[in-house]
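Below: one structure, written as structure tokens.
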Amino acid sequence: MVFNTGAALLDAIVLAAVSKEPEGTYGYKITQEARSVLELSESTLYPVLRRLQKDNCLETYDMEFGGRNRRYYKITEQGRRQLLLYCQEWKNYSGKISQLFEEVM
């Protein structure tokens, strides 16, 4: 991707990916979901997950899978409110940019 991805956009993408799974989802699956819309490494994802957890937007729990514990991330009510705010902001932001680009094309 040519455009830089800021922290707020990464947060929004991660919250959107996690919100799709009512019971929560794990890091690798979140990474795959995020990679479907932008280039992202796992080393980029985990600091985002920790920050969202610290901000009370995500909660975690561990569950055994294949003889090992797997950490799951679940969106909180605070996270849902933040995601709705991001969605509203994105709609406004992307709409203005799209309108500007359409005038050029």
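Read-outs: derived from the displayed coordinates by stated rules, not from any lab. Small disclaimer: the values here were computed from a predicted structure and weren't measured. For neighbour counting, all protein chains shown are included, and Cβ atoms are generated from backbone atoms with ideal geometry for every residue, glycine included.
General remarks:
- Shown for the stretch 7-104: lysine pairs separated by 8 or more places, or found on different chains, whose C-alpha atoms are under 24 Å apart, numbering 7.
- DSSP H segments from the chain that extend 27 Å or more along their own axis, Cα-based, with Kyte-Doolittle mean of 1.0 or above: none
- Calculated FRET value between R70 and R50, using beta carbons and R₀ = 22 Å, to 0.05: 0.85
- Ordered by the number of other Cβ atoms lying within 10 Å of each residue's own Cβ, fewest first, S43, S19 fall into the sequence S43, S19.
- Dipole magnitude for the chain: about 220 debye, using +1 per Lys or Arg Cβ and -1 per Asp or Glu Cβ, origin at the Cα centre.
- For the stretch 79-102 versus the stretch 1-64, the spacing of their alpha-carbon centroids is 18 Å.
- Amide H to amide H, with H built 1.01 Å from N, R70 comes under 5 Å of M63, E64, F65, counting only residues 5 or more places away or on other chains.
- Ranked packing of 76-84, 91-99, most packed first, by mean Cβ within 10 Å: 76-84, 91-99
- Computed extension gain for E102 through F3, at 0.36 nm per residue and net of the alpha carbon distance, reaches 33.8 nm.
- Count Lys and Arg as plus one, Asp and Glu as minus one, and take only other residues whose Cβ is under 10 Å from that of D62; the net charge is then +2.
- Shape parameters for the chain, alpha-carbon atoms, Rg then Dmax in Å: 15.4, 57
- Ranking of V18, V37, V104 by count of other Cβ atoms within 10 Å, fewest first: V104, V37, V18
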